[in-house]
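Everything on this sheet refers to the single structure shown next.
The values are calculated or read from the model by the stated rules, or taken from the named source; none is laboratory data. All of these numbers come straight from a predicted model, not from anything done at the bench. Virtual Cβ from ideal backbone geometry, glycine too; neighbours counted across all protein chains shown. To get the accessible areas, we keep the full protein, side chains included, count just its heavy atoms, and leave off ligands, DNA and RNA. Shrake-Rupley method; radii C 1.70, N 1.55, O 1.52, S 1.80 Å.
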Amino acid sequence: MLKRIAFIFMLVVGMLALAGCGSNSSDTGANKEAASSDKTEVMVLAAASLTDALNELKPAFEKEHNDVSVTYSFGSSGKLAQQIEQGAPADVFLSASKKDMDTLQDKNAIAKNSRADFAKNELVLIVPKNSQLAVKSFEDINPDQLKNLAIGEPESVPVGRYTKETFEKLDMWQKLQNKLVLGKDVRQVLTYVESGNADAGVVYASDAKTSEKVNVLATAKPEWHKPIVYPGAVVASTKHSKEAQAFLDYLKSEKGQEVLKKYGFQ
């Protein structure tokens, strides 16, 4: 009888110990969730050409600002500007063109005095690695030698606008019309060329640098197109202006500029 009572007592003690462990585990999970929710999330809408540089920059920034978590949404600057106009949640806008930032500034959609240029770029002609296309300058392009040429959509993609300006300057735009394959952003243009779905393409020098599947044949002269300047700004509707400005400041700092230079930005 005493053995039976002792067994039951030990069984009850064991169950209570297990219950206690379960409670501690739950508390730990709740604590982790609480700690995570303490961080301020900064949403950055950025030009697709900044993808690699910003992804490398993110952990370094978050280490210095351990109360901030950065989330990116990449795309064409024109489309992102439209999203901000339409009220999409955003704290920072990083554009690949002044035009799209000007549009938001004219509509008071960016915070006053927050706008700043943080990078420059160049326009280059690329071909697949195994291409035999013999071109040393944009001026050497012969439409008859191309089945197709990938460029960004000129109406919404800055690299497409710069490309159009270049070919108009060279009096080649109309001659190339039936050769053009339009990309939704510069990274799609790069992919078309990498995959061989386009004989050639026009991208930023920074994008070409990220790929081992393409060769750069020529660089456009800066006088052929408007300056390729990247402005950044805090979005006027942000609820995290302090953290958003901190991210912009980091991008302009020596550390941020080193990362941008690493990926081909000037």
Could you please find all residues in the stretch 83-111 being touching a helix residue (DSSP H, G or I) at 6+ places or on another chain (Cβ under 9 Å) and free of Cβ contacts under 8 Å to residues at least 40 places away in the same chain? GLU85, THR103, LYS107
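Matching residues to (1) within 29 Å of SER137 (Cα to Cα); (2) over 15 Å from the mean Cα position of the chain (by Cα); (3) among the basic types (Lys, Arg); (4) at pLDDT below 95:
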{"residue": "THR210", "(1), (2), (3), (4)": "yes, no, no, yes"}
{"residue": "LEU217", "(1), (2), (3), (4)": "yes, yes, no, no"}
{"residue": "ILE228", "(1), (2), (3), (4)": "yes, yes, no, no"}
{"residue": "VAL235", "(1), (2), (3), (4)": "no, yes, no, no"}
{"residue": "GLN266", "(1), (2), (3), (4)": "yes, yes, no, yes"}
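If we scan the stretch 135-149, do we find a residue that is more than 22 Å from ASN197 (Cβ to Cβ) and either buried (at least 22 other Cβ atoms within 10 Å of the Cβ) or among the small types (Gly, Ala, Ser) (or both)?
Initial filter on the stretch 135-149 (more than 22 Å from ASN197 (Cβ to Cβ)): 136-137, 139-140.
Applying the additional criterion that residues be either buried (at least 22 other Cβ atoms within 10 Å of the Cβ) or among the small types (Gly, Ala, Ser) (or both) yields 137.
Yes, some residue in the stretch 135-149 is more than 22 Å from ASN197 (Cβ to Cβ) and either buried (at least 22 other Cβ atoms within 10 Å of the Cβ) or among the small types (Gly, Ala, Ser) (or both).
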Within the stretch 222-256, how many residues turn out to be without any contact (Cβ under 8 Å) to a residue 40 or more places away in the chain and under 25 Å from SER211 (Cα atoms)? 0
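Considering only residues that are charged (D, E, K, R) and in contact with a helix residue (DSSP H, G or I) (Cβ under 8 Å, 6 or more places away or on another chain), look in the stretch 224-266 and name the one that is farthest from LYS169 (Cα to Cα).
If we filter the stretch 224-266 for residues that are charged (D, E, K, R), which is where we start, we get 226, 239, 242-243, 249, 252, 254-255, 258, 261-262.
Now drop any that are not in contact with a helix residue (DSSP H, G or I) (Cβ under 8 Å, 6 or more places away or on another chain), which leaves 226, 255, 262.
Numbers: LYS226: 11, LYS255: 37, LYS262: 31 Å.
Ranking the qualifying residues of the stretch 224-266, first place goes to LYS255.
Which one of these is touching a residue at least 24 places away in the same chain (Cβ under 8 Å), within 23 Å of ILE151 (Cα to Cα) and under 20 Å from the mean Cα position of the chain (by Cα): ALA60, ALA116, ALA53? Steps first, answer last, please.
On the way: ALA60 fails: within 23 Å of ILE151 (Cα to Cα); ALA116 fails: within 23 Å of ILE151 (Cα to Cα).
Going through ALA60, ALA116, ALA53 in turn, the sole match is ALA53.
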Is one or more of the residues making up the stretch 205-216 out of contact with any Ser or Thr (no Cβ under 8 Å at 6 or more places or on another chain), in contact (Cβ under 8 Å) with a residue 12 or more places away in the chain and under 17 Å from PHE167 (Cβ atoms)? no
State which residue is modelled with the lowest pLDDT when the search covers only the stretch 91-110 and only residues that are open to solvent by 10 Å² or more (accessible area, probe 1.4 Å) and touching a Leu at 6+ places or on another chain (Cβ under 8 Å). ASP100
Within the stretch 47-138, helices (runs of 4 or more DSSP H) holding 3 or more residues that are in contact with a Ser or Thr (Cβ under 6 Å, 6 or more places away or on another chain): 77-85
Identify the single condition in (1) more than 17 Å from GLN145 (Cα to Cα); (2) touching a residue at least 60 places away in the same chain (Cβ under 8 Å); (3) open to solvent by less than 40 Å² (accessible area, probe 1.4 Å) that VAL202 does not satisfy, given that it satisfies every other one. (1)
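Would you be able to say whether some residue in the stretch 111-121 is over 24 Å from LEU45 (Cβ atoms), modelled with pLDDT of 95 or more and out of contact with any Gly (no Cβ under 9 Å at 6 or more places or on another chain)?
In the first step, residues of the stretch 111-121 are kept if they are over 24 Å from LEU45 (Cβ atoms); the result is none.
No, the stretch 111-121 contains no residue that is over 24 Å from LEU45 (Cβ atoms), modelled with pLDDT of 95 or more and out of contact with any Gly (no Cβ under 9 Å at 6 or more places or on another chain).
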Does VAL235 count as within 27 Å of ARG115 (Cα to Cα), in the same structural domain as ILE110 (by the TED database) and buried (at least 17 other Cβ atoms within 10 Å of the Cβ)? yes
